[in-house]
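> Sharing a structure with you now.
The values are calculated or read from the model by the stated rules, or taken from the named source; none is laboratory data. Predicted model, so just to flag it, every value in this text is computed and none were measured. Heads up, the Cβs are rebuilt from the backbone with ideal geometry, glycines too, and the neighbour counts pull from every protein chain shown. Heads up: the accessible areas ignore ligands, DNA and RNA and are worked out on the full protein's heavy atoms, side chains in. Shrake-Rupley method; radii C 1.70, N 1.55, O 1.52, S 1.80 Å.
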Amino acid sequence: MTEPAGVYLLPEWVPVVETGLASIDEIQALFNIDPHVVAGMDFWLSDDLTDFSELKRTVTEAAAGSGYDRWLDTLKGYVAEQIAADVLVTQGVEVELAPTPNQTGWDLLVNGEPYNVKVGVTTSHIAEHFSEYPDIGVITSPELAAHFPEHADNIIVLPELSNEHLEQLVDTTIDSITGVDWDFSFPVVTAIFAGIRELNLLLSGDTNLVSSLRNFSLDVVGTGGG
């Protein structure tokens with residue numbers, strides 16, 4: 001049914017959100033959840049993390065496990081892939097993510113050419129990669145790239161992949177997920193991406209507040225099933 005002109009119908013979950021968020025700290029925590037971290041987790045794991053309840057359960061169970069530090073390091077790698085893809089796309093490059101998280105040899109196709117995303121503080125994994133896959137390039141941070149001048153033509157350098165930046169992004173997002181006390185279903189991944197998109201459009205003057213709120217709600221309701 002078409003809505004009357006000028007009438008904006010709030011989705012059914014809005015009252016739940018208003019009553020479910022107990023404090024300003026929880027609202028701030030929600031906005032501190034970086035979509036690249038959630039997208040990386042969703043790509044890596046087999047769980048469906050579009051629902052906030054499942055997302056929080058996954059993080060809580062991982063934190064309780066004995067291999068949590070290794071879990072975080074692995075997650076950081078998948079987050080780096082998401083960030084690298086986004087940065088390159090904004091530069092006008094055609095990027096395609098690998099179809100599976102365990103793709104052999106490469107993580108991204110950049111203008112059709114395979115590249116492996118390598119991050120962290122050590123260089124051994126990059127040396128091993130070039131030894132095993134000399135024809136597949138690497139996407140990494142300036143700090144790590146500086147150790148391989150002989151492969152400069154086969155390395156894409158992105159400052160956004162610095163280890164310090166990635167660790168802060170992952171730690172802040174994990175703390176924020178566990179800092180929101182929600183027990184109901186909510187499509188958080190869609191909400192975060194839609195919110196960032198609409199905020200950018202607002203700041204650039206390409207939309208107005210009413211249209212932005214409407215588009216945001218339609219995206220969330222469409223994913224969450226109303």
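> Report, by residue number, each residue of the range 76-99 that is open to solvent by 30 Å² or more (accessible area, probe 1.4 Å), in a loop (DSSP other than H, G, I, E, B) and either of a type in the set (A, V, I, L, M, F, W, C) or out of contact with any helix residue (DSSP H, G or I) (no Cβ under 9 Å at 6 or more places or on another chain) (or both).
Matches in the range 76-99: Gln91, Gly92, Val93, Pro99.
> Another question about this same structure. Which ones in the range 46-58 are surrounded by fewer than 21 Cβ atoms within 10 Å (Cβ to Cβ) and part of a helix (DSSP H, G or I)? Break it down into steps so the answer makes sense when it comes.
Taking the range 46-58 and keeping what is surrounded by fewer than 21 Cβ atoms within 10 Å (Cβ to Cβ), we get 46-48, 50-51, 53-54, 56-58.
Scanning the range 46-58 gives Ser53, Glu54, Lys56, Arg57, Thr58.
> Provide a single number: the residues in the range 100-112 that are assigned to a loop (DSSP other than H, G, I, E, B) and closer than 21 Å to Val170 by Cα.
Residues of the range 100-112 that are assigned to a loop (DSSP other than H, G, I, E, B), as a first pass: 100-107, 111-112.
Within this subset, residues satisfying the condition of being closer than 21 Å to Val170 by Cα are 101-102, 107.
Number satisfying all stated conditions: 3.
> Those residues that are over 21 Å from Val87 (Cα atoms) and of a type outside the set (Asp, Glu), I need them from the range 127-151; list them, please.
Matches in the range 127-151: Ala127, His129, Phe130, Ser131, Tyr133, Pro134, His147, Phe148, Pro149, His151.
> Working only within the range 61-75, note down all residues that are open to solvent by less than 70 Å² (accessible area, probe 1.4 Å) and part of a helix (DSSP H, G or I).
Restricting attention to the range 61-75, the residues satisfying the condition of being open to solvent by less than 70 Å² (accessible area, probe 1.4 Å) are 62-63, 65, 67-68, 71-72, 74-75.
Ala62, Ala63, Tyr68, Trp71, Leu72, Thr74, Leu75, listed by residue number.
> Another question, if that's okay. Does the range 121-138 include one or more residues that are surrounded by 14 or more Cβ atoms within 10 Å (Cβ to Cβ) and closer than 19 Å to Phe43 by Cβ?
no
> Taking interchain pairs and intrachain pairs at least six residues apart, which have beta carbon atoms under 6 angstrom, with the first residue in the range 80-96 and touching a residue at least 40 places away in the same chain (Cβ under 8 Å) and closer than 22 Å to Leu144 by Cα and the second open to solvent by 10 Å² or more (accessible area, probe 1.4 Å) and assigned to a helix (DSSP H, G or I)?
From residues that are touching a residue at least 40 places away in the same chain (Cβ under 8 Å) and closer than 22 Å to Leu144 by Cα, the pairs are Gln82/His36; Gln82/Ala39; Ile83/His36; Ile83/Glu160; Val87/Glu160.
> Would the range 161-173 turn up any residue that is free of Cβ contacts under 8 Å to residues at least 40 places away in the same chain, surrounded by 14 or more Cβ atoms within 10 Å (Cβ to Cβ) and touching a strand residue (DSSP E or B) at 6+ places or on another chain (Cβ under 6 Å)?
No, every residue in the range 161-173 fails to be free of Cβ contacts under 8 Å to residues at least 40 places away in the same chain, surrounded by 14 or more Cβ atoms within 10 Å (Cβ to Cβ) and touching a strand residue (DSSP E or B) at 6+ places or on another chain (Cβ under 6 Å).
> When the range 49-67 is examined, which residues are found to be closer than 21 Å to Asp181 by Cβ and in contact with a helix residue (DSSP H, G or I) (Cβ under 8 Å, 6 or more places away or on another chain)?
Within the range 49-67, the subset closer than 21 Å to Asp181 by Cβ is 49-64.
Within the range 49-67, Leu49, Thr50, Asp51, Phe52, Leu55, Lys56, Thr58, Val59, Thr60, Ala62, Ala63 meet the criteria.
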